[in-house]
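**Student:** Take a look at the following structure, please.
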């Protein structure tokens, strides 16, 4: 029974791989040196079997056959060999490097320069470090065939720093003009004593895109306002309205209003509001009040939800005025989706900052092994590397087919004319 048939009949999810591509020795012989080098890098251990052959073939082409007692056209002759190593799949492997000389001195082998050079940062090494192998343990933890020369912790560290710095530059320079963003999530992630505020955009088709982050001690307006404006400078289009979902930090709310003006509507996270309210209550009452607050927010219309919440405020006012004041503060901003009339179709995805809370958890998985954050550059490199690794794995938000309704509701609520330029037209 074939693998494919067993998958269908047994209803088991099994990956069926296509046949591997293969090349013959004739095709290999016809390849250019650069192509051979790339192929050798990819084939282990078969690649190691051909490294010496590639070097010997090049020596014969330059210096003639061994023991011919006559050099090639350029009067190049053999001059022994030196120990060397080639870097394949994140580790170095020992080889003997032939030496050539002519009247002017040493003659370099072009293929050896390609094989021995570091070239592009090894993506496998980068992934291993990002996913949890510390630099100091890389030599023991990284898989290698017998006889491989393990990379030292300093070499791994330098390579990762270089690769993550490239990720950071790419992340910070990304053009946003081609992204039609309809909703924006803002939330902070703590790195030691610093806070990284991450901006996650949701496109009109439901994809999630990281727009940027800023490092700050606290979520204050003075830092966040220029950060949000920088997103606009990089191409973020807000001319058709933007729903900004964030927690209850006043500095973050003020920054969003100041940066986006009358083109943004604030949706405060209902989960944060609920937890802030119950934190004032005795522990034996918190579970009940969580349920009651959640039940009130689940009412389908703005009037019904507001009426239910106002009744709870009246009850809390007699029991705990601090809890009542907490619920009353910013109440209308927690009902923005109700006001737009789309809570029923998009409330599950946009009523809280859970999208970013989930991302923060994934960032923590990648960065938790760092015991001592030494510098701002280190924090930003690791965060950028983690976010760019996470982004392709993010799913579209639930209810994404209704995001066009959100766009229309925002334009009505914010009184934006229908003929306002789109993101593509602005770009």
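**Student:** Over the range 363-408, one equal point on each Cα, no solvent: what is log10 I(q)/I(0) by the Debye formula at q = 0.13, 0.21, 0.24 Å⁻¹?
**Tutor:** Relative scattering, expressed as log10 I(q)/I(0), comes to -0.48, -0.74, -0.85.
**Student:** Here is a further query. Could you list 269, 355 in order of exposure, starting from the residue whose Cβ has the fewest other Cβ atoms within 10 Å? Don't skip to the answer; put the middle values down first.
**Tutor:** Details: 269 25, 355 18.
Ascending Cβ contact count within 10 Å gives the list 355, 269.
**Student:** Mind jotting down a quarter of the surface of the convex hull over the alpha carbons of the range 150-242, in square nanometres, one decimal? It would help to have the intermediate numbers written out before the result.
**Tutor:** Details: hull surface 31.7 nm².
Reported value for the Cα convex hull: 7.9 nm².
**Student:** Let me ask something else about it. Rounded to the nearest 0.05, what FRET efficiency do residue 172 and residue 332 have when you use their Cβ-Cβ distance and R0 = 41 Å?
**Tutor:** Working: r = 35 Å, r/R0 = 0.86.
That gives a FRET efficiency of 0.70.
**Student:** Which whole-number percentage describes the relative contact order of the range 178-413, with Cα contacts under 8 Å and a sequence gap of 6 or more? Before the final figure, lay out the partial values.
**Tutor:** On the way: 358 pairs, mean separation 54.4, N = 236.
Relative contact order here is 23 percent.
**Student:** Classify the range 163-214 from the C-alpha gyration tensor, please: rounded if a/c falls under 1.5, else prolate or oblate depending on whether a/b exceeds b/c.
**Tutor:** oblate
**Student:** Length gain on complete extension for the stretch residue 96 to residue 53, per 0.36 nm per residue less the alpha carbon to alpha carbon distance?
**Tutor:** Details: separation 43, 0.36 × 43 = 15.48 nm, distance 1.10 nm.
14.4 nm is the gain from fully extending residue 96 to residue 53.
**Student:** Related question: So how much slack lies between residue 418 and residue 393, counting 0.36 nm per residue of separation and subtracting their Cα-Cα distance, in nm? Mind dumping the intermediate values first?
**Tutor:** Details: separation 25, 0.36 × 25 = 9.00 nm, distance 3.42 nm.
Full-extension gain reported as 5.6 nm.
**Student:** So what are the three principal axis dimensions of the range 254-323 from its Cα atoms, in whole Å, longest to shortest?
**Tutor:** 42, 25, 19
**Student:** Right, another one. Order 208-220, 359-371 from most to least packed using the mean count of other Cβ atoms within 10 Å.
**Tutor:** Working: 208-220: 18.0, 359-371: 14.8.
For the peptides 208-220, 359-371, the packing ranking is 208-220, 359-371.
**Student:** Let me ask something else about it. Between residue 209 and residue 315, what is the label-point separation in nm under the 7 Å Cα-to-beta-carbon projection?
**Tutor:** About 4.5 nm separates the two model spin labels.
**Student:** Something else about it: Can you list the equivalent-ellipsoid semi-axes of the range 251-374, largest first and in whole Å, using the square root of 5 times each Cα gyration tensor eigenvalue?
**Tutor:** For the range 251-374, the ellipsoid semi-axes come out as 27, 21, 15 Å.
**Student:** Two decimals, Cα atoms only, Kirkwood Rh: what is Rg/Rh over the range 205-249?
**Tutor:** Taking Rg over the Kirkwood Rh, I get 0.96.
**Student:** Measuring from a point 7 Å past the Cα of residue 371 along Cα-to-C-beta, which residues in the range 156-191 have an amide N at less than 12 Å?
**Tutor:** Once the point is set 7 Å along Cα→Cβ of residue 371, nothing inside the range 156-191 turns out to lie under 12 Å by backbone N.
**Student:** Just to be sure I understand the model, the point goes 7 Å from the Cα along the line to the Cβ. What's the resulting residue 287 to residue 104 distance in nm?
**Tutor:** Each label point is offset 7 Å from its Cα along the Cβ direction, giving 8.5 nm.
**Student:** Hey, could you pull the Cα Rg and Dmax for the range 178-413, both in Å?
**Tutor:** Answer for the range 178-413, Rg first and Dmax second: 18.1, 53 Å.
**Student:** With no solvent and one point per C-alpha, what does the Debye sum give as log10 I(q)/I(0) for the range 323-389 at q = 0.16, 0.17, 0.23 Å⁻¹?
**Tutor:** -0.74, -0.76, -0.93
**Student:** May I pose another question? Report the extension gain between residue 307 and residue 348 in nm, rounded to one decimal, defined as 0.36 nm multiplied by the number of residues separating them, less their alpha carbon distance.
**Tutor:** On the way: separation 41, 0.36 × 41 = 14.76 nm, distance 2.08 nm.
My answer for the length gained is 12.7 nm.
**Student:** For an R0 of 51 angstrom, estimate the FRET efficiency from the Cβ-Cβ distance between residue 218 and residue 402 and round to the nearest 0.05.
**Tutor:** It comes out at approximately 0.90.
**Student:** Also, I was wondering about something else. Given 20 °C and 1.002 mPa s, how large is the Stokes-Einstein diffusion coefficient of the range 179-311 in µm²/s, with Rh as the Kirkwood radius over Cα pairs? Spell out each step's value before the answer.
**Tutor:** Working: Rh = 16.3 Å.
Value of D from the Cα-based Kirkwood radius: 131 µm²/s.
FYI, it's all coordinate maths here, none of it is from the lab. Not measured: the values here are computed from a predicted model. All Cβ positions, glycine included, derive from the backbone under ideal geometry; neighbour counts span all protein chains shown.
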